[in-house]
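One structure is given below, encoded as structure tokens.
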Amino acid sequence: MDTLSIRAIPILSDNYAWFVHDAATGAAGMVDPAQEAPLVAAIDAAGGRLDLIVLTHHHADHIAAAATLKARYGARIVGAAADAHRLPPLDIAVRDGDCVHLGQTVAHVMATPGHTTGEVSYYFPAGPALFCGDTLFSMGCGRLFEGTPEDMFHALQRIKALPDSTLVCCGHEYTQSNARFALHVDPANPDVRRRAAEVDALRREGQPTVPVTLGVERATNPFLRAPDVATLARLRREKDSF
């Protein structure tokens, strides 16, 4: 039986923070908190406990509420050691290959640079679930603000090696626009057409399109399907001006 429960909390204009619980102990974590009011409401409604604040990268729309939540609930802040100088003060500084414990649930830290040079993702085998910030989106990937196409390609290859059942818990609700691009570059792919229709239906109902399984992403995400660095670089350039 899975020990990790996961809830997406919409914040800002199109971000998600992720509220996670270890069922065995009740320990609670919040991934990429950037807006205090809706997150406080969710935490208080769940009993007012927050043990960990987990950060994927340094952008303000992923960290802005971390310090205030720490002060309010006493949570420890986890983030990349390489980015400690541009994150809120860290209680747990992690590197690739480290483990983070939420109660009895363990997350494996994966360096996934590309969007930023210090970005990390957190893989929970108990989900299985991957909290990947702005590295991998449903049907897309992050812009290369700091990293290179090589960085992003290798990060996505690492993610691609995870089980198909892994829930991809990303940082933004970008799927509908990503689907339009996927249809543009891969119009004959029936999986892309099905996923695009599903996404449109979900958004019409005001529902999130994530989490989504990695298996679905393997079939529909042009960046995850890119066979080499050159293809990914070309797709990223094209998407940037699409």
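Kindly indicate whether Asp14 is of a type outside the set (Phe, Trp, Tyr), under 14 Å from the mean Cα position of the chain (by Cα) and more than 20 Å from Tyr122 (Cβ to Cβ). Talk me through it step by step, then tell me what you get.
On the way: of a type outside the set (Phe, Trp, Tyr): yes; under 14 Å from the mean Cα position of the chain (by Cα): yes; more than 20 Å from Tyr122 (Cβ to Cβ): yes.
Taking the combined requirement at face value, the residue satisfies it.
Checking the stated criteria, Leu90 turns out not to satisfy the condition of being in contact with a strand residue (DSSP E or B) (Cβ under 7 Å, 6 or more places away or on another chain), assigned to a strand (DSSP E or B) and either in contact (Cβ under 8 Å) with a residue 60 or more places away in the chain or surrounded by fewer than 19 Cβ atoms within 10 Å (Cβ to Cβ) (or both).
Where residues in the range 63-87 are more than 20 Å from Ala28 (Cβ to Cβ) and not in a helix (DSSP H, G or I), which of them is farthest from the chain's Cα centre (by Cα)?
Only one residue fits best here, namely Leu87.
Residues that are in a strand (DSSP E or B) and closer than 18 Å to Gly147 by Cβ were ranked within the range 93-124; the one that is nearest to the chain's Cα centre (by Cα) is Ser121. Picking from residues in the range 54-66 that are touching a strand residue (DSSP E or B) at 6+ places or on another chain (Cβ under 6 Å) and not acidic (Asp, Glu), the one that is surrounded by the fewest Cβ atoms within 10 Å (Cβ to Cβ) is Ala66. Among the residues of the range 37-56, is any free of Cβ contacts under 8 Å to residues at least 60 places away in the same chain, in a helix (DSSP H, G or I) and in contact with a Pro (Cβ under 6 Å, 6 or more places away or on another chain)? Yes, the range 37-56 contains a residue that is free of Cβ contacts under 8 Å to residues at least 60 places away in the same chain, in a helix (DSSP H, G or I) and in contact with a Pro (Cβ under 6 Å, 6 or more places away or on another chain). Just the residues that are of a type in the set (Asp, Glu) and either over 23 Å from Pro89 (Cβ atoms) or open to solvent by 20 Å² or more (accessible area, probe 1.4 Å) (or both), please, taken from the range 1-53. Scanning the range 1-53 gives Asp2, Asp14, Asp22, Glu36, Asp44, Asp51.
Just checking: which of the helices (runs of 4 or more DSSP H) contained wholly in the range 129-242 hold 2 or more residues that are open to solvent by 10 Å² or more (accessible area, probe 1.4 Å) and among the acidic types (Asp, Glu)? Even if it seems obvious, please write down each step before you answer.
Numbers: elements: 149-160, 175-185, 190-204, 214-220, 229-240.
Fully inside the range 129-242 and qualifying: 149-160, 190-204, 229-240.
Glu36 fulfils the conditions (1) farther than 27 Å from Leu144 by Cβ; (2) charged (D, E, K, R); (3) out of contact with any Ser or Thr (no Cβ under 8 Å at 6 or more places or on another chain) except for a single criterion, (3).
The values are calculated or read from the model by the stated rules, or taken from the named source; none is laboratory data. Computed from a predicted structure; not experimentally measured. Cβ sites come from the backbone with ideal geometry, for glycine too, and all protein chains shown count toward neighbours. Note: accessible area is taken over every heavy atom of the protein model, side chains too, but ligands, DNA and RNA are not part of it. Shrake-Rupley method; radii C 1.70, N 1.55, O 1.52, S 1.80 Å.
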